[in-house]
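Beneath this line is the structure, given in structure tokens, with notes to follow.
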Amino acid sequence: MFRLSALHDRRSMMKAAGGLAGLVALDALFPGWAAIGSAGAATGAGVLSGDHIRLDIGHGHFGLGGRQVHAITANGTVPGPLLRLKEGQHVRLTVANALDEDTSIHWHGLLVPFQYDGVPGISFPGIAPGQAFDYHFPVRQAGTYWYHSHSGMQEGMGLYGPIIIDPAGPDPVAFDREHVILLSDWSSLHPHALLRRLKQQGGYFNRQKQTLAGLLAGRDQTLGERIQWGGMRMDPTDISDVTGATYRYLVNGHDSAGNWTGLFEPGERVRLRIINGSAMTNFNVRLPGLAMTVVQADGQDVEPVETDEFQIAVAETYDVIVRPEEARAYSFIAEAIDRSGLCRATLAPRLGMAGPMVPLRERPLLGMRDMGMGAHVAQGHGAAHGGHAPSADASHGGMKMRDKALAPPGVKMGPGVATLSPAPADRVGDRPTGLEQAGHRVLTYADLRALVPVPGRRAPERELEVHLTANMERYMWSFDGVKLSENPEPLAFRHGERARVTLINDTMMPHPIHLHGHFFELVNGAGERQPRKHSVNVLPGGRLSFDFTADAPGDWAFHCHMLLHMHAGMFRVVTVRHDGHGHGEAPA
């Protein structure tokens, strides 16, 4: 799994890691909060709190499956330390750079002044080698969040960690014990090597394509469907760019063999703070035999809703309560969306126990609804689990519409826009990709309701559309057909303006879209209890709207949180002008 496929990849990693003092030893790799058998997330080694916290960014070796490869660490560990803060405190976070390249830390989901948001080239210059930078800001919220680098692709090399912020008053969620569950993906290939291979061949890591043997056995699509999809140059198995062919999936830095274990006493209410800190993987999460009660999404309290499984997109967080009654081991399963791999962790009353392994479920197929044919197919169609996709009618053009006369206003047509959704559907109530036909309860965005009404909610003053665009074969990603490198104009808002943004996914892949510096209210039919989020997963061929108040002056990143999509160009700047200040100028 970790064998490098090219000698120059191995040499480049060894050159980066070689000769560096203080490389972490394997037995010191994991912070205390992520250790097997941790009693909980509240205290202990690897947990940093107080009004002044220091993170030292450096090189290290990450060991997994008997191999060690180069990693970028925070305070010598992967994942990094858990930061435990308190709502209402004022914190100073010193980040020191011992790398031979620039670095940065972004406090994902935290409401901070824009100059401390940590995005090089937008909110600050970055942290040069041998230098340190002080982030200081008031802590304005409570909940579960995380931090990661926003420089190069260091996030994909281990530079991430969790944040817990305790509320200033009583916690509305009752629990006896808590565990942080930080999900991630790991490849021995450098993220730039992953990107290079995808540029050479868009489906490079897809080892689950349809086969002649499958056709003869009556599996997947019929011959006619395959011919029609091939004519549109579409692949119904193209669900994840980077797959288990190279990724190992991790819980708190441990793979299934490592068996991360969180302890409980039977009858306890156990709070699991689940963070998807992966670079490229959406996960389906379940605990067979245990129902989960979702109590928080993206750090914001929601009305409790019970489910058996949910999909967590890259950058999202969900807090759930489970109540194991029996003194036995329960499996925590995080399965990649394309089912090319999974990670099993364990909840148990004592160390040495392991939850049962589960087999990978049959990989899903995309369908017409994922092609933006929502007006032509019934609700719920799409990537039916193990079933046939509805026939594609080439007369509709599928998503293959590139005539400039048909292009939506504001979308720049060109080689980077290979497809447009003819009839994108509101998919907020749809089960996410691959879980449409699951025979148990599956969380959808329509199930989420804010615990308390959103304060200051009012009708939007204006509306705008943003199209998520791509040429998936050439691995080109953009907003409205324009990459960040092409210097698009920022999306500009007046300070205090109330706006509705509609995201239209013109691709056949889900995209987790993250807005820095703000929470927005997901338009899901909940009225005054629309849930507040900072990241949202837009399903293939779908449309999704959110309302937000531009209440944070400055320049903010707005991007897909799939690391390689962001790096390839699906990124835009949102600027909020304050009292006449111009683009990029900080308020006095």
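Quick note: the coordinates plus some simple rules give every number you see, no bench work behind them. As the structure is a computational prediction, the values presented were derived from the model and not from experiment. Don't worry about glycine lacking a Cβ; one is built from the backbone with ideal geometry, like all the others, and counts go over all protein chains shown.
Translational diffusion coefficient, Stokes-Einstein: compute it for the stretch 233-310 using the Kirkwood radius over C-alpha pairs as Rh, at 20 °C and 1.002 mPa s, and state it as an integer in µm² s⁻¹. In µm²/s, the coefficient is 139.
For the stretch 399-505, the normalised intensity computed at q = 0.12, 0.13, 0.16, 0.24 Å⁻¹ comes to -0.62, -0.71, -0.97, -1.26 (log10 of I(q)/I(0), Debye sum over alpha carbons, equal scatterers, no solvent).
Run through all the Cα pairs of the stretch 136-188 and give the fraction in each 10 Å bin from 0, expressed as whole percent. For the stretch 136-188, the pair-distance distribution reads 17, 42, 27, 13, 1. Dividing the radius of gyration of the alpha carbons in the stretch 116-214 by their Kirkwood radius gives 1.11 for Rg/Rh.
Over all orientations, the stretch 94-133 has a Cα convex hull whose mean projected area works out to 2.7 square nanometres. Amide H to amide H distances under 5 Å link R54 with T94, where only residues 5 or more positions off or on other chains count and H is placed in the peptide plane.
The order of F124, F30, going from fewest to most other C-beta atoms within 10 Å of their C-beta, is F124, F30. Remark: relative contact order (the stretch 57-122) = 25 percent; criterion is Cα-Cα distance under 8 angstrom and separation of 6 or more residues. What separates the Cα centres of the stretch 410-487 and the stretch 136-173 is a distance of 24 Å. Volume of the convex hull of the stretch 247-289 (Cα atoms only), normalised per residue: 105 Å³. The phi-based Karplus calculation (6.51 cos²θ - 1.76 cosθ + 1.60; θ = phi - 60°) puts the 3J(HN,Hα) values of the stretch 469-483 at 10, 6, 10, 5, 5, 9, 6, 10, 10, 6, 9, 6, x, 10, 7 Hz, whole numbers, x for Gly and Pro. By the count of neighbouring beta-carbon atoms within 10 Å, fewest first, M562, M413 end up ordered M413, M562.
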